[in-house]
Amino acid sequence: MIQFEGAILVDICSAIPDGIVAFFTSYSYMETILSEWDNMGLLQQLTKTKLVFIETKDVVETTLALDNYRRACDSGRGAVFLSVARGKVSEGINFDRHYGRAVIMFGVPFQYTLSHVLRARLEYLQTHYQIREQDFLNFDALRQAAQCVGRVIRSKTDHGLMIFADCRYSRHDKRSKLPKWILQFLAESMLNLSTDMALGHIKQFVRLMGQPVDQKALQSVLLTIEEVEKMNPQQLERVVAGDGGAMLTEMPVTSV
């Protein structure tokens, strides 16, 4: 299984340009996997196509790794960032545009069930809301998985691949708890794919997204500043400068 996951990552890094992010379920699991990959020579194969950066528990080290990861993507060299679900990267770092053309989720990020805080929360939910322990753990794990893979899609004009590298995501009790914006792309034909089939879909997607953007079609889904202002004028702020000059500043506006 460990060798299979490493081979998948090597193949994906060979097929996809720019940046790729991989999430593991815990720091200890990631360290074990990377140690095995190193012994198998898979990390050496990985570095032939992309630079490798790793999230650690040290905030300064992780910040430096992120900066160098972005530089590698900007230079065209490409990079892969190995990180952890429920870590710093999964909680608030965006990998938009070429910084994240694919994200891979290795495993299902369940919480540690022996935690006293978690046990107390599960008992409270069972007592007051009749929510079963397994239902909550499944929901929480899939919510976290969705948050991880969502790091690469940050706008309407963004694109990226989301890969769930665990057969448990094909089960209805797991898959049904993913948000609709992910589920709409998880057709039956996209479940339980072999590595060769998955790589075929990946290469086809990369070729399609590499085509020039149809500007007319793009304008049909994006709103102009005037249209946004009519819908919600409070989101635009106009400031008049002194000395007879005028300045127009626009607050951030999200396309809908």
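Within segment 131-231, the trypsin sites (Lys or Arg not before Pro) that combine a DSSP coil assignment with at most 16 other C-beta atoms in a 10 angstrom radius are 132, 154, 156, 171.
Give the accessible surface of segment 113-167 per residue, rounded to a whole number of Å², with probe radius 1.4 Å and ligands, DNA and RNA excluded.
Per residue, segment 113-167 has an accessible area of 57 Å².
Helix 116-129 and the longest principal axis of the Cα set of the chain meet at an angle near 70°. Which of the three applies to segment 41-81, rounded, prolate or oblate, going by the alpha-carbon gyration tensor with a ≥ b ≥ c and a/c under 1.5 meaning rounded? Since a/c reaches 1.5 but b/c is at least a/b, the shape of segment 41-81 is classed as oblate. Placing a pseudo-label 7 Å from each Cα along the Cα-to-Cβ vector at residue 206 and residue 116 gives an inter-label distance of 5.0 nm.
Could you tally the net charge around residue 168, taking each other residue with its Cβ under 10 Å from the Cβ of residue 168, Lys/Arg +1 and Asp/Glu -1?
Details: positive: 171, 174, 175; negative: 166, 173.
Residues near residue 168 contribute +1 overall.
Counting charges near residue 141 (Lys, Arg +1; Asp, Glu -1) among other residues having Cβ under 15 Å from its Cβ returns a value of +4.
Checking (i) 1.38; (ii) 1.18; (iii) 1.11 against the coordinates, the calculated Cα Rg over 2.2 N^0.38 Å falls under label (ii). Neighbours of residue 206, meaning other residues whose beta-carbon lies under 12 angstrom from its beta-carbon, give a summed charge of +2 when Lys and Arg score +1 and Asp and Glu score -1. In the complete set of protein chains, residue-level accessible area for residue 24 is approximately 0 Å², probe 1.4 angstrom.
Between segment 22-38 and segment 101-148, the alpha-carbon centres lie 21 Å apart.
Subtract the Cα-Cα distance of residue 125 and residue 75 from 0.36 nm times their separation in residues, and report this length gain in nm to one decimal. Kindly include the intermediate steps, with their values, before the conclusion.
On the way: separation 50, 0.36 × 50 = 18.00 nm, distance 4.96 nm.
Full extension from residue 125 to residue 75 adds 13.0 nm.
Computed over protein heavy atoms with a 1.4 angstrom probe, the accessible surface ordering of 159, 128, 201, 172, largest first, is 172, 128, 201, 159.
Going by the alpha-carbon gyration tensor, a ≥ b ≥ c the square roots of its eigenvalues, is segment 3-76 rounded (a/c under 1.5) or, if a/c is not under 1.5, prolate (a/b greater than b/c) versus oblate? Oblate shape, in that a/c is at least 1.5 and b/c is the bigger or equal ratio.
Model label sites at residue 184 and residue 35, defined 7 Å from Cα along the beta-carbon direction, differ in position by 4.4 nm. Among 107, 76, 19, whose mean-square fluctuation peaks in a Gaussian network model of the chain (Cα, cutoff 10 Å)? Largest GNM mean-square fluctuation: 76.
Backbone N atoms of segment 98-132 closer than 20 Å to the 7 Å Cα→Cβ label point of residue 191 belong to residues 105-109. Taking 31 Å as the limit for the C-alpha separation, the pairs 174/203; 88/174; 57/177; 50/216; 177/216 exceed it in the case of 50/216; 177/216. Of the solvent-accessible surface of segment 17-93, computed with a 1.4 Å probe and all protein chains present, 53% belongs to carbon and sulfur.
Between residue 158 and residue 67, what FRET efficiency comes out of the Förster formula 1/(1 + (r/R0)^6) with R0 = 30 Å and r the beta carbon distance, rounded to 0.05? Please report the intermediate quantities before stating the final value.
Working: r = 21 Å, r/R0 = 0.70.
The value I calculate is 0.90.
Considering only 113, 127, 157, the mean-square fluctuation computed in a Gaussian network model of the chain, springs between alpha carbons under 10 angstrom, is largest for 127.
The heavy atoms of residue 27 offer some 50 square angstrom of accessible surface to a 1.4 angstrom probe. Measuring spread by the Cα atoms of segment 60-187 yields a radius of gyration and Dmax of 16.7, 55 Å.
Taking the C-alpha atoms only, the angle from helix 27-40 to the longest principal axis of the chain is near 70 degrees.
Which length gain, in nm to one decimal place, applies between residue 221 and residue 14 when the Cα-Cα distance is subtracted from 0.36 nm times their residue separation? Working shown, then result.
On the way: separation 207, 0.36 × 207 = 74.52 nm, distance 3.26 nm.
The span from residue 221 to residue 14 would gain 71.3 nm if fully extended.
Using a probe of 1.4 Å, the accessible surface attributed to residue 214 totals some 90 Å² when neighbouring protein chains are kept in position. Looking at the chain as a GNM with Cα springs under 10 Å, which of 45, 184, 215 has the largest mean-square fluctuation? Highest fluctuation among the options: 215.
The values are calculated or read from the model by the stated rules, or taken from the named source; none is laboratory data. On a predicted model such as this, the values are computed, not experimentally measured, just so you know. Quick reminder, even Gly has a Cβ in these numbers, built from the backbone with ideal geometry, and neighbours come from all protein chains shown. Please note that ligands, DNA and RNA were not included when accessible areas were found on the heavy atoms of the full protein model with its side chains. Shrake-Rupley method; radii C 1.70, N 1.55, O 1.52, S 1.80 Å.
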